[in-house]
Amino acid sequence: MGVFTTPAGIKNIPNTTDMLVVEYGTGTSASKIKKLAADGTVTTLFSGAPLNGPAGIAFINDIPYIANFNDRKIFKFENGTLTEIAQLPSEGPANRNFLGFMSAIDNQLIATHIGGHKVYKIDPVSGVASVYAGSSVGNTDGDISTATLDSPNGIIGAVSYTHLT
């Protein structure tokens with residue numbers, strides 16, 4: 001049975017009883033993508049660069065996408081290979097210029113930018129990232145077009161939101 005030293009995200013792998021886990025590397029230990037099987041067996045699927053503090057996992061059409069906390073890069077993980085599809089812009093102070101977490105809604109990726117005080121929608125095919133919500137730091141409730149956010153981090157996906165398309 002394997003060990004998880006610094007798990008940063010876990011999601012069910014669609015159409016299986018297994019889980020996909022991203023592990024944040026520390027010190028000389030590389031960041032990893034692992035599979036946790038229903039029988040408790042842990043298999044390392046990927047280790048090292050370009051993973052840089054993986055935190056987000058989302059699935060679109062049974063394909064996993066992994067997001068890095070530290071450099072805001074988003075990757076498609078297919079056939080054991082990470083392919084960069086997007087990177088959220090560098091904005092906000094250096095000590096808060098991070099991607100929080102990521103989810104998927106209506107075949108689009110949704111990711112939080114902590115220091116940018118925004119939520120981005122990312123097209124997984126074109127890699128285009130556009131602001132979905134937020135503009136500047138604040139805590140104004142209301143319609144998504146006017147609401148402001150203060151360091152958004154966690155996010156949860158839903159089956160469908162018609163206003164995303």
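The values are calculated or read from the model by the stated rules, or taken from the named source; none is laboratory data. Quantities reported herein were computed from a predicted structural model and do not represent experimental measurements. Positions of Cβ are backbone-derived with ideal geometry, glycine not excepted, and every protein chain shown enters the neighbour counts. Ligands, DNA and RNA are excluded from the accessible area calculation, which covers all protein heavy atoms including side chains. Shrake-Rupley method; radii C 1.70, N 1.55, O 1.52, S 1.80 Å.
Round to a whole number: what % of the accessible area of the stretch 64-135 belongs to carbon and sulfur, probe 1.4 Å? Don't jump to the answer; show the numbers that get you there.
Values: 1340 of 2780 Å².
The computed percentage sits at 48.
Over the chain, calculate the relative contact order: mean separation of alpha carbon pairs under 8 Å at least 6 apart, over the residue count, as a percent. The partial results should precede the final answer.
Numbers: 418 pairs, mean separation 21.8, N = 165.
In percent, rounded to a whole number, it is 13.
On a C-alpha basis, how far is the centre of the stretch 11-33 from the centre of the stretch 91-154 in Å? Whole number, if you could? Measuring centre to centre over Cα atoms gives 23 Å.
Two decimals, Cα atoms only, Kirkwood Rh: what is Rg/Rh over the chain?
0.98
Cross-link list Lys35/Lys121; Lys76/Lys118; Lys11/Lys34; Lys32/Lys121; Lys35/Lys76; Lys73/Lys121: which exceed 19 angstrom alpha carbon to alpha carbon? Mind showing how you got there, number by number?
On the way: Lys35/Lys121 27 Å; Lys76/Lys118 22 Å; Lys11/Lys34 11 Å; Lys32/Lys121 25 Å; Lys35/Lys76 16 Å; Lys73/Lys121 13 Å.
Check vs 19 Å cut-off fails for Lys35/Lys121; Lys76/Lys118; Lys32/Lys121.
If Lys and Arg each add +1 and Asp and Glu each add -1, what is the summed charge of the other residues whose beta carbon sits under 13 Å from the beta carbon of Val137? Walk me through the intermediate numbers first.
Working: positive: Arg96, Lys118; negative: Glu91, Asp150.
My count for the surroundings of Val137 gives 0.
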